[in-house]
1. Considering only residues that are surrounded by 23 or more Cβ atoms within 10 Å (Cβ to Cβ) and more than 18 Å from Trp197 (Cα to Cα), which ones fall in region 34-52?
2. Just wondering, is there one or more residues in region 60-78 that are over 12 Å from the mean Cα position of the chain (by Cα), over 18 Å from Ala30 (Cα atoms) and not β-branched (Val, Ile, Thr)?
3. Can you tell which of Ala228, Ala214 is assigned to a helix (DSSP H, G or I), on the phi < 0 side of the Ramachandran plot, under 19 Å from the mean Cα position of the chain (by Cα) and crowded, with 20+ Cβ neighbours inside 10 Å?
4. Pro101 versus (1) under 25 Å from Arg244 (Cα atoms); (2) assigned to a strand (DSSP E or B); (3) out of contact with any Gly (no Cβ under 8 Å at 6 or more places or on another chain): which is the lone unmet condition?
5. Hey, can you tell me all the residues within region 157-167 that are over 14 Å from Pro233 (Cβ atoms) and either of a type in the set (Asp, Glu) or in contact with a strand residue (DSSP E or B) (Cβ under 8 Å, 6 or more places away or on another chain) (or both)?
6. Give Gly208, Gly202 a once-over and let me know the one that is of a type outside the set (D, E, K, R), buried (at least 24 other Cβ atoms within 10 Å of the Cβ) and in contact (Cβ under 8 Å) with a residue 12 or more places away in the chain.
7. Tell me, please, whether a residue that is farther than 22 Å from Met70 by Cα, assigned to a helix (DSSP H, G or I) and in contact with a strand residue (DSSP E or B) (Cβ under 7 Å, 6 or more places away or on another chain) can be found in region 146-156.
8. For Arg89, indicate whether it is of a type outside the set (A, V, I, L, M, F, W, C), part of a strand (DSSP E or B) and either touching a strand residue (DSSP E or B) at 6+ places or on another chain (Cβ under 6 Å) or farther than 25 Å from His149 by Cβ (or both).
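Bear in mind these aren't lab numbers, they're just calculated from the coordinates by the rules spelled out. Note that the structure is predicted; figures quoted are calculated from it, not measured. FYI the Cβ positions are ideal-geometry reconstructions off the backbone, even for glycines, and counts take in every protein chain you see.
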Amino acid sequence: MRFTKMEGLGNDYIYLNCLEQVPEDLPELARKLSQRRFGVGADGLICILPGRGGDFSMEMYNADGSRGAMCGNGIRCLGKYVYDKGLTRKVCLTIDTDAGPRGLELLVRGGAVDQVTVDMGQAKIGAERELEAAGRHWKAVPVSVGNPHAVIFCPEPDAEPLEVLGPLLERHPDLPERSNVELVQAQGSERLKVRVWERGSGMTLACGTGACAAFAAARRNGLCGNHAVVQLPGGELDVLWTERGLKMTGPARTVFEGEV
């Protein structure tokens, strides 16, 4: 089975071309391949399938085998995959996801995709909730960007024990489903610093939906305007508010290819 490992700001996934044949037991395959020491190593597995109305479909699994409805960094890399491998010559694509169709705009340099803008849709923001975890009280803003997030504003994200807090809040009974968790610091009207705990994968270097959730919550709270650069451990994403929804722009890179 051939695979391609790709990353967006260090948020890495294993890609399989499933346009003609889909492997059996994808959750178990995701668990095996995602292992850092005994597998290929990744934050999860993404399968590229025929579109259900769009150009292609994305099926995404976290490192623990759980299925994700949407993945911002992952879908950017999917756009690069299908273009760079000659599966399409279009630079504007529609990708079907479990969260609905998402539009991509591919920026091509030197014959290969370098940056991708994703139409992330509308962010749905809930009322702030006070949660108890790790012996402290936290104010979390629930945000859905096709998947659930809990956004927590704090003076310095690097100072908080995310490795302890993340798994507790991911499954907190007062949050919807299993939630991704973002620790966010507003650094002026157009800049946010974010650390992420991704459900099913743990701490990651970046999260596209998490960046959008943090931006949406910050904008609602008056901490930023209609545009912000989101600084994550793996690099920067550009997020823009429009009346039709959020647009996120960032890089997509191929790491290596192989066979298992």
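1. Ile46
2. For region 60-78, residues over 12 Å from the mean Cα position of the chain (by Cα), over 18 Å from Ala30 (Cα atoms) and not β-branched (Val, Ile, Thr): absent.
3. Ala214
4. Unmet for Pro101, out of (1) under 25 Å from Arg244 (Cα atoms); (2) assigned to a strand (DSSP E or B); (3) out of contact with any Gly (no Cβ under 8 Å at 6 or more places or on another chain): (3).
5. Passing the criteria: Leu165, Pro167.
6. Gly208
7. The answer is no, given that none of the residues of region 146-156 is farther than 22 Å from Met70 by Cα, assigned to a helix (DSSP H, G or I) and in contact with a strand residue (DSSP E or B) (Cβ under 7 Å, 6 or more places away or on another chain).
8. No.
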